[in-house]
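Inspection log for the structure reproduced underneath, given as structure tokens.
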Amino acid sequence: MPRSASSRSTRDRMLDAALTVMRDHGVARATTKEIAREAGFSEAALYKHFDDKTALFVAVLVERVPSRLTDVLDGLPARVGTTGVEELLVEVATEAIAFYRETFPMGASLFSEPAILAAHRAALARLGTGPHVAVDGLASFLAAEARAGRVDAAVDPRASALLLLGACQMTAFLAAFGDTDEAATGDGLARAAVRGLLPR
């Protein structure tokens, strides 16, 4: 059952406010002052819970964006040699498309100013995370499946991970851009991307 506004923690209210402001203005244009005001707190109170805006953005991605992508990627090592490779990749692609569709409009503004992007990149490095994590995790899974003989040894694991996740991200971009042909959701699009990746 959802918690009432009075029972929600300060941190929860800050995350909800950050999601609202970042959706409305993009990450680069969102300010901690505006987020704090939206949450009903001072900016100083915000910094008691989050080191900086990037840490807040990462928390929003993990705790507020409705996606299982991180869980699916984190679980891949334990699933090597179990479920069919195609089915696992379809699961990854389905979650990646949903994740990128939700986050692309928020994050795109980071690329509007080189200084903002550089600061964001440095903050992600301090946190030990970034967009490369998904690629690394998927590439490791494909390499393990190749060693197990379930993926063609000729397949380049990293290139394949980039191709699949890149297709998912492009789908999100086209949907955000307003291309109605790419607005469809569901298993079909993810399955088509995976089948284009795996040799038959």
Completion exercise
Expected single match for under 19 Å from L61 (Cβ atoms) and either modelled with pLDDT of 90 or more or not aromatic (F, W, Y) (or both) among R158, R200, R121 is R121
Exercise for the section: Look through A39, A55 and report the one residue that is small (G, A, S) and either at pLDDT 90 or above or more than 15 Å from the chain's Cα centre (by Cα) (or both). Expected result: A39
Exercise for the section: Could you pull out the residue among T185, T171, T129 that is among the hydroxyl-bearing types (S, T, Y), part of a loop (DSSP other than H, G, I, E, B), surrounded by 13 or more Cβ atoms within 10 Å (Cβ to Cβ) and at pLDDT 85 or above? Expected result: T129
Exercise for the section: Only one of these is of a type outside the set (D, E) and more than 15 Å from the chain's Cα centre (by Cα): L73, L69, L15. Name it. Expected result: L15
Fill in the blank from the handout: Restricting region 52-62 to residues that are surrounded by fewer than 20 Cβ atoms within 10 Å (Cβ to Cβ) and in contact (Cβ under 8 Å) with a residue 60 or more places away in the chain, the one nearest to F104 (Cα to Cα) turns out to be V58
Practice task
Any chance you could count how many residues in region 10-29 are touching a Lys or Arg at 6+ places or on another chain (Cβ under 9 Å) and assigned to a loop (DSSP other than H, G, I, E, B)?
Solution key: 1
Handout entry: So T54, is it of a type outside the set (D, E, K, R), over 20 Å from R8 (Cβ atoms) and out of contact with any helix residue (DSSP H, G or I) (no Cβ under 6 Å at 6 or more places or on another chain)
Key = no
Practice task
Kindly indicate whether any position in region 142-162 is assigned to a loop (DSSP other than H, G, I, E, B), surrounded by 18 or more Cβ atoms within 10 Å (Cβ to Cβ) and not assigned by TED's automatic domain parsing to the domain that holds T20.
Solution key: yes
Practice task
Please list, ordered by first then second residue, the pairs with beta carbon atoms under 7 Å, 6 or more apart or interchain, first in region 115-134 and farther than 22 Å from L165 by Cβ and in the same structural domain as A55 (by TED's automatic domain parsing), second surrounded by 13 or more Cβ atoms within 10 Å (Cβ to Cβ) and at pLDDT 85 or above.
Solution key: none
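The values are calculated or read from the model by the stated rules, or taken from the named source; none is laboratory data. Keep in mind the model is a prediction, meaning the values are calculated, not measured. Positions of Cβ are generated from backbone atoms using ideal geometry, with glycine treated the same way; all protein chains shown enter the neighbour counts.
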